[in-house]
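The structure appears right after this line, and notes come after that.
Just so it is clear, none of the values below were taken in a lab; they were calculated from the coordinates. From a predicted model like this one, the values you see are computed outputs, not experimental measurements. Note: ideal-geometry Cβ built from the backbone for every residue, glycine included; neighbour counts use all protein chains shown.
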Amino acid sequence: MANERPPVVIAGAGPTGLMCAIALAAHEIPVVVCEAEASLAHDLRAGSYHPPTQEMMARYGITQRMHEHGLQVRHWQIRERRGALVAEFDLGLLADVTPYPYRLHLEQHRLTPIQLDILRGQSSAQVHFGHRVTGFEQKNGALKVQVESDGIPGTVEASWLIGADGGRSTIRKLLPVQFEGFTWPEQFLVASTPYDFSRHGFALNAYIADPVEWSALFKMPDAGPPGVWRVVFPCDSGVPDDALLAAQHVESRMQGFLARGDAYEVRHKVIYRVHQRVANEWRVGRVLLAGDAAHLNNPLGAFGLNSGIHDAVNLADKLARVWRGEGGEELLDLYVRQRRAATVEAVQAMSIRNKHLLEERDAKVQRERMQELVEIAGDPARARAHLLDSSMIAGLRRSEELQ
Ligand SMILES: Cc1cc2nc3c(=O)[nH]c(=O)nc-3n(C[C@H](O)[C@H](O)[C@H](O)COP(=O)(O)OP(=O)(O)OC[C@H]3O[C@@H](n4cnc5c(N)ncnc54)[C@H](O)[C@@H]3O)c2cc1C
């Protein structure tokens, strides 16, 4: 009997692990999620969902619930810090290829409770908080996963183990596989304020080019109107975190972004390091990687969390076919080929290009690039191609053609 087989164990209840569990449980595959922490993460992280990600999550009723609170962002902009608007893109141009011709903005910490709630309604799924995966052993096609809870070690038999345990993934380190790439020299400061930037002409998502102080702006719904605007700034990595997070420093960066008479009300602030890395193997036997455990990128373009969801759905669909005997394990290698191609050729390339575009120091090069964007935005065919790329549609299509 299919259900007598040991479950699929997933390390990590972030958006990737939960998505993978929901998609597997929808196929009635027994799945156990082990999350090291006592509860879901609640910090400031991603929160911008591209059209294909919304389509994928709609299959499981997630997108519909995200819309109850999320903001539909149809336009996004490229701006110059010392000047005005350079180009505005209208996702409405994609209305013939997606039912969601906009980015949906919703804090990551409002997505994961929706996912958890849906998962808890699925009879073949279990979620254990306070359960840290510490190791695994693969022998003769059998897999044993070591899990520690309250300091007490235990072992769980698993058919497959999915490492969705984030950028510092224990599973990736234990495989062990290389996490090739680099770390950007600067740190990123993210501060959020309820101050309404739209009155100055900013779209709910804007990227601001400047050789010294580029930035990015994302409006998030917060607990409800008026919502908050998140501003991302680069910071010198030689300065300690507490100095970067000091109220005076954050205020001076916000005033530098847009000077106003009054002080900004800053609701949240966080500092973090940013990497561009891709694991060189995503599957070793019965152990697979997905999400941040397999790849990391900078947030310019909002690809990280979206890619984790794309990995999760792709992997779950293929693993379900293997589980039901409809295909061999080579389907899992196809998962790796497709998702690794989308990561390397689209996500890594575009996120690095986006950062270089915003921070370009050569004034002549910057002027040429901005002029090119003006031309792209002014030509519907080129604007559409640009939107298909930046909305992750083109990269996904190309990767899914791989066999
Ligand atoms: C501080 C920070 C800020 C970010 N800001 C942005 C942003 O502004 N824009 C953007 O696009 N992206 C941002 N990201 C990236 C984005 O949040 C990630 O791409 C996304 O969270 C990936 O989801 P995930 O499920 O793969 O990994 P994670 O969300 O990291 O989830 C991994 C989960 O695994 C758990 N875990 C770890 N080790 C174990 C273990 N051994 N056993 C069991 N469980 C384990 C962790 O507790 C965690 O809950 C940010 C990330 C961080 C860390």
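If each residue's Cβ is checked for other Cβ atoms within 10 Å, how do Cys34, Cys235, Cys20 rank with the fewest at the top?
Cys235, Cys34, Cys20
Students often forget the sequence filter, so: which aspartates and glutamates lie under 15 Å Cα-Cα from Lys364 once same-chain residues fewer than 8 apart are removed?
Here the aspartates and glutamates satisfying the reach criterion relative to Lys364 are Glu80, Asp210, Glu372.
What is the magnitude of the charge dipole of region 302-403 about its Cα centre, with +1 placed on the Cβ of each Lys and Arg, -1 on the Cβ of each Asp and Glu, and no other charges, expressed in debye to the nearest 20? If you can, show how the numbers build up before the last one.
Details: 16 positive and 17 negative charges, 30 e Å.
Value, rounded to 20: 140 debye.
Return the percentage of antiparallel bridges among DSSP beta bridges fully within region 1-121, rounded to the nearest 5 %.
That works out to approximately 70 percent antiparallel.
Counting DSSP beta bridges in the chain, what percent are antiparallel, to the nearest 5?
75
Residues with amide H under 5 Å of Thr134's amide H, sequence separation 5 or more or different chain, H placed in the peptide plane at 1.01 Å from N; which?
Those qualifying (amide H under 5 Å, at least 5 residues apart or on another chain) are Gln146, Val147, Glu148.
If you plug each phi of region 137-153 into the Karplus form 6.51 cos²θ - 1.76 cosθ + 1.60 with θ = phi - 60°, what whole-Hz ³J(HN,Hα) values come out, in order, with x for Gly and Pro?
9, 10, 8, 6, x, 9, 9, 10, 10, 8, 10, 10, 9, 6, x, 9, x
Which residue, Gln348, Gln64, Gln187, tops the fluctuation ranking in a GNM of the chain built on C-alpha contacts under 10 Å?
Gln64
For region 332-403, what does the alpha-carbon gyration tensor say about shape, rounded, prolate or oblate, given a ≥ b ≥ c as the root eigenvalues, a/c under 1.5 as rounded, and a/b over b/c as prolate?
oblate
Using the number of other C-beta atoms within 10 angstrom as an exposure proxy, rank Tyr49, Tyr195, Tyr335, Tyr272 with the fewest first. Numbers along the way, then the final one.
Values: Tyr49 28, Tyr195 19, Tyr335 22, Tyr272 15.
In increasing order of surrounding Cβ atoms, one gets Tyr272, Tyr195, Tyr335, Tyr49.
For the chain, with a Gaussian network of springs between Cα atoms less than 10 Å apart, report the residue from Asp236, Asp222, Asp90 with the top mean-square fluctuation.
The residue with the greatest mean-square fluctuation here is Asp236.
Percent relative contact order of the chain, based on C-alpha pairs within less than 8 angstrom and at least six residues apart?
Details: 801 pairs, mean separation 83.7, N = 403.
Contact order relative to length: 21 percent.
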